[in-house]
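Novice: Take a look at the following structure, please.
The values are calculated or read from the model by the stated rules, or taken from the named source; none is laboratory data. This one's a predicted model, so the numbers in the text were calculated from it and none came from an experiment. Methodologically, a virtual Cβ is constructed for each residue, glycine included, from the backbone with ideal geometry; neighbour enumeration extends over all protein chains shown.
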Amino acid sequence: MEAVEKKTRVLIVDDSAFMRKVLEEIIRTDPKLEVVGQARDGREAITLAASLQPDVLTMDINMPRMDGLEATQHIMTQNPRPIVIVSSESRQGAASTLRALELGAIDFVSKPTNGIDLDMKKVSDELLRKLKMAAKVRVVRTAARHDAAKSPELKMQPQSTKDAGNIDARFPLVVVAASTGGPATLMRLMPRFPKAFPAAVVLVQHMPATFTSQLSVQLAEVATMRVKEAEANEALCPGTFYVCPGSAHLRISLTGRLKLDDGPRISGYRPCADVTFESAAAYAGANLVGVVLTGMGSDGAQGVQAVKASHGWVLAQDEASSVIYGMPAEAVRTGAVDQVVGIDEMYAAIEKYVELICRSTQPVGSR
């Protein structure tokens, strides 16, 4: 007698009866999912999450009595459950969604602008895929946000360089790739970078343009290092953390300038980290540190091989601290990764390789 496959149990949280109905209809189209309950606000979500013990929740943000942010924070600290945010893609919606991801939500699905039945069904495949993926994630109680003021000082001073747009500039470059789980992970990593960090840092995070713009704002709130969204044709500069816009691929020219390309997806991604890694390797060579953080898929695996071939260094986040051990695992499989570390040790590892690069690029007699 064949064993019946256990269905993934979903709790829907939304103050709109119409939206709850639409979400339920979408979820019921997948035989591997079942709706076990519906909550009209954050308070009901907390109560039902505790009593029903669902495998995953969909969470709206703007609700009466208690909003989705407060409910997410309570659930992730008291009764951790995988949460997928279903929210507006407006600027305000993006800010709230990123806060929820920082609080421990696994992923998000953007509500279409109109929010009507037909528009919502356009994102049904994405919703079903992310619910099933999130349900498999091992969630933990979330910690409080790191305080940027407690960031350690870097042990070395930045080296003098020529113009940042000149190919002869020899400051280090760090390229970071992240996807699912990236925002919360970056909020833990970002405060560690000091204001006078002697490298330029480029981040490629998989998410829509509205969200990457807001991500740069929220990273800046916890950073001492300068943070900005990358702009076309600007020159790389040490001590700056550039966030790639979600609407474009980012390449680094041989003269150290940022080139943005809004062309089609590459290997299913836009922005594509492989593209950035490969161009960074051509520009920076041995002065490059590639970092692959949590994320679903294999983006970055091809790129880190280019980093290694150019004699750069490669770091990957470990499985224990990754929300999704997809991208780091694929990078490790290539054999190009020099070190696998937990997120709380990641800054120290980046610092170590940046310091090695700074030492190797000092003029003779300056050491």
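Novice: Would a scan of segment 313-334 turn up a residue that is surrounded by fewer than 24 Cβ atoms within 10 Å (Cβ to Cβ) and over 29 Å from LYS130 (Cα atoms)?
Specialist: Scanning segment 313-334, I find no residue that is surrounded by fewer than 24 Cβ atoms within 10 Å (Cβ to Cβ) and over 29 Å from LYS130 (Cα atoms), so the answer is no.
Novice: Name the strands (runs of 3 or more DSSP E) wholly inside segment 255-321 in which the number of residues that are touching a strand residue (DSSP E or B) at 6+ places or on another chain (Cβ under 7 Å) and of a type in the set (Val, Ile, Thr) is 1 or more. Can you show your working first?
Specialist: Working: elements: 258-261, 288-292, 313-317.
Because the criterion is at least 1 residues that are touching a strand residue (DSSP E or B) at 6+ places or on another chain (Cβ under 7 Å) and of a type in the set (Val, Ile, Thr), the strands (runs of 3 or more DSSP E) in segment 255-321 that meet it are 288-292, 313-317.
Novice: Same structure, new question: Restricting attention to strands (runs of 3 or more DSSP E) lying wholly within segment 1-88, give those where 1 or more residues are surrounded by fewer than 19 Cβ atoms within 10 Å (Cβ to Cβ) and either modelled with pLDDT of 95 or more or small (Gly, Ala, Ser) (or both).
Specialist: Numbers: elements: 8-13, 33-39, 56-59, 83-88.
Passing ranges, in order: 8-13, 33-39.
Novice: Mind listing just one residue for me: the one in segment 335-348 that is part of a loop (DSSP other than H, G, I, E, B) and in contact with a strand residue (DSSP E or B) (Cβ under 9 Å, 6 or more places away or on another chain) and, of those, nearest to ALA306 (Cα to Cα)?
Specialist: First pass over segment 335-348, keeping only residues part of a loop (DSSP other than H, G, I, E, B): 335-338, 342.
This time we only want the ones that are in contact with a strand residue (DSSP E or B) (Cβ under 9 Å, 6 or more places away or on another chain), so: 336-338, 342.
Details: ALA336: 9, VAL337: 11, ASP338: 13, GLY342: 23 Å.
Once the filter is applied, the top-ranked residue is ALA336.
Novice: Could you tell me whether THR185 is in contact with a Gly (Cβ under 8 Å, 6 or more places away or on another chain) and at pLDDT 90 or above? Steps first, please.
Specialist: Details: in contact with a Gly (Cβ under 8 Å, 6 or more places away or on another chain): no; at pLDDT 90 or above: yes.
It is false that THR185 is in contact with a Gly (Cβ under 8 Å, 6 or more places away or on another chain) and at pLDDT 90 or above.
Novice: Take GLU345 and tell me if it is in contact with a Pro (Cβ under 8 Å, 6 or more places away or on another chain), free of Cβ contacts under 8 Å to residues at least 12 places away in the same chain and assigned by TED's automatic domain parsing to the domain that holds GLU229.
Specialist: Working: in contact with a Pro (Cβ under 8 Å, 6 or more places away or on another chain): no; free of Cβ contacts under 8 Å to residues at least 12 places away in the same chain: yes; assigned by TED's automatic domain parsing to the domain that holds GLU229: yes.
For GLU345, the condition - in contact with a Pro (Cβ under 8 Å, 6 or more places away or on another chain), free of Cβ contacts under 8 Å to residues at least 12 places away in the same chain and assigned by TED's automatic domain parsing to the domain that holds GLU229 - is not met.
Novice: Oh, and also: Please go through segment 233-251 and give me each residue that is small (Gly, Ala, Ser) and at negative phi, ordered by number.
Specialist: Step one: of segment 233-251, the residues small (Gly, Ala, Ser) are 235, 239, 246-248.
Scanning segment 233-251 gives ALA235, GLY246, SER247, ALA248.
Novice: Which number in (1) at pLDDT below 95; (2) crowded, with 18+ Cβ neighbours inside 10 Å; (3) not aromatic (Phe, Trp, Tyr) marks the one condition that VAL204 misses?
Specialist: Among (1) at pLDDT below 95; (2) crowded, with 18+ Cβ neighbours inside 10 Å; (3) not aromatic (Phe, Trp, Tyr), the lone unmet condition for VAL204 is (1).
Novice: Kindly check whether there is at least one residue in segment 28-51 that is under 21 Å from GLY181 (Cα atoms), aliphatic (A, V, I, L, M) and not assigned by TED's automatic domain parsing to the domain that holds SER322.
Specialist: Step one: filter segment 28-51 for residues under 21 Å from GLY181 (Cα atoms), giving none.
No, segment 28-51 has no match at all.
Novice: Quick one: what pairs do we get from segment 23-37, first residue touching a residue at least 12 places away in the same chain (Cβ under 8 Å) and among the charged types (D, E, K, R), second surrounded by 14 or more Cβ atoms within 10 Å (Cβ to Cβ) and in a helix (DSSP H, G or I), C-beta under 6 Å, 6+ apart or different chains?
Specialist: Once the first residue is touching a residue at least 12 places away in the same chain (Cβ under 8 Å) and among the charged types (D, E, K, R) and sits in segment 23-37, its partners that are surrounded by 14 or more Cβ atoms within 10 Å (Cβ to Cβ) and in a helix (DSSP H, G or I) give ASP30/LEU128.
Novice: Let me ask something else about it. Does THR180 meet the test of being in a loop (DSSP other than H, G, I, E, B), buried (at least 24 other Cβ atoms within 10 Å of the Cβ) and assigned by TED's automatic domain parsing to the domain that holds TRP313?
Specialist: Working: in a loop (DSSP other than H, G, I, E, B): yes; buried (at least 24 other Cβ atoms within 10 Å of the Cβ): yes; assigned by TED's automatic domain parsing to the domain that holds TRP313: yes.
It is true that THR180 is in a loop (DSSP other than H, G, I, E, B), buried (at least 24 other Cβ atoms within 10 Å of the Cβ) and assigned by TED's automatic domain parsing to the domain that holds TRP313.
Novice: Quick one: would you say ARG40 is of a type in the set (Lys, Arg), out of contact with any strand residue (DSSP E or B) (no Cβ under 7 Å at 6 or more places or on another chain) and closer than 21 Å to THR210 by Cα? I'd like the intermediate steps shown before the answer.
Specialist: Details: of a type in the set (Lys, Arg): yes; out of contact with any strand residue (DSSP E or B) (no Cβ under 7 Å at 6 or more places or on another chain): yes; closer than 21 Å to THR210 by Cα: no.
No; evaluated as a whole, the condition is false for this residue.
Novice: Could you list, ordered by first residue, the pairs with Cβ atoms under 7 Å in which the first is in segment 310-328 and of a type in the set (Ser, Thr, Tyr) and the second is buried (at least 22 other Cβ atoms within 10 Å of the Cβ), at least 6 apart or interchain?
Specialist: SER310/ALA281; SER310/LEU288; SER322/GLY181; SER322/THR294; SER322/PRO328
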